[in-house]
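Rule-based calculations on the coordinates, nothing more; no lab input. As the structure is a computational prediction, the values presented were derived from the model and not from experiment. Note that we place each Cβ from the backbone using ideal geometry, even for glycine, and neighbour counts take in every protein chain shown.
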Amino acid sequence: MKKRKTFISYYHKDEDYKNKFEELFEDIIVNKSVRAEDIDVNNHDQYTKELIQKDYLKDVTVLVVLISQKTRCRKHVDWEIAAALNHKVGGIYAGLVGIRLPSHSDYGLEENYNPNNIPDRLADNLKKNGEGYASIHDWTEDIEEMKDIINNAFYRRTSHEDERVNSKKQMDKNLCN
């Protein structure tokens, strides 16, 4: 399998999982993610949004969203998902996959999910029976399973392009702490 250019979107309190994901799957992804020290927290929101879109997401082929209980209400996660769904890469969009962390209340439900417990923009792109643009999975440390998940997201960006939904206004503030 060719390494996929992957951006990891996450709530900053889940940085340990992001780091673990990077470590576990470094052989199957080219990590395009933002590191904590990359962006000054004092930057204006619009500047931060543009920086992420132009410098980090410009050639991403798969966006992985690590989902804990509060990920759904974080504006940066929403912006990153929106950018991946808007940003064309060689004429196509980035694939989208949600990974529920073990701390999430829906962990263990496999393909099932409560749309109120995940980011709205991700929920918009999921459909029962796996027919949406995006897919959702539980956290795994199995490299073969993750390889399948990432490859599936990569190929869905063309095979399910008509299912892509990005019509909501982007969040302008965090909805919870």
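If each of residue 3 and residue 161 carries a label point 7 Å out from its Cα toward its Cβ, how far apart are those two points in nm?
Simple spin-label model gives 2.7 nm for this pair.
What full-extension length gain, to one decimal in nm, is calculated for residue 59 and residue 31 as 0.36 nm per residue of separation minus the Cα-Cα distance?
Once the chain is fully extended between residue 59 and residue 31, it gains 9.0 nm.
Calculate one ³J(HN,Hα) per residue across the range 8-18 by plugging θ = phi - 60° into the Karplus curve 6.51 cos²θ - 1.76 cosθ + 1.60, and present them in order as whole Hz with x for glycine and proline.
Coupling constants for the range 8-18: 9, 9, 7, 7, 3, 6, 9, 4, 4, 5, 4 Hz.
Compute the distance in nm between two label points, each set 7 Å from the Cα along the Cα-to-Cβ direction, one at residue 172 and one at residue 75.
0.9
Rounded to the nearest 0.05, what FRET efficiency is calculated for residue 140 and residue 15 with R0 set to 22 Å and r the Cβ-Cβ distance?
Calculated transfer efficiency: 0.70.
Once amide H atoms are built 1.01 Å from N in the peptide plane, which residues 5 or more positions from residue 5, or in another chain, come under 5 Å H to H?
30, 61, 62
Can you list the HN-Hα couplings for the range 74-81, worked out from phi with the Karplus curve (6.51, -1.76, 1.60; θ = phi - 60°), rounded to whole Hz and with x for Gly and Pro?
Using θ = phi - 60°, the values come out as 9, 4, 5, 5, 4, 4, 5, 5 Hz.
Starting from the Cα of residue 92, step 7 Å along the direction of its Cβ; do the same at residue 120; then give the gap between the two resulting points in nm.
Here the modelled spin labels are 2.9 nm apart.
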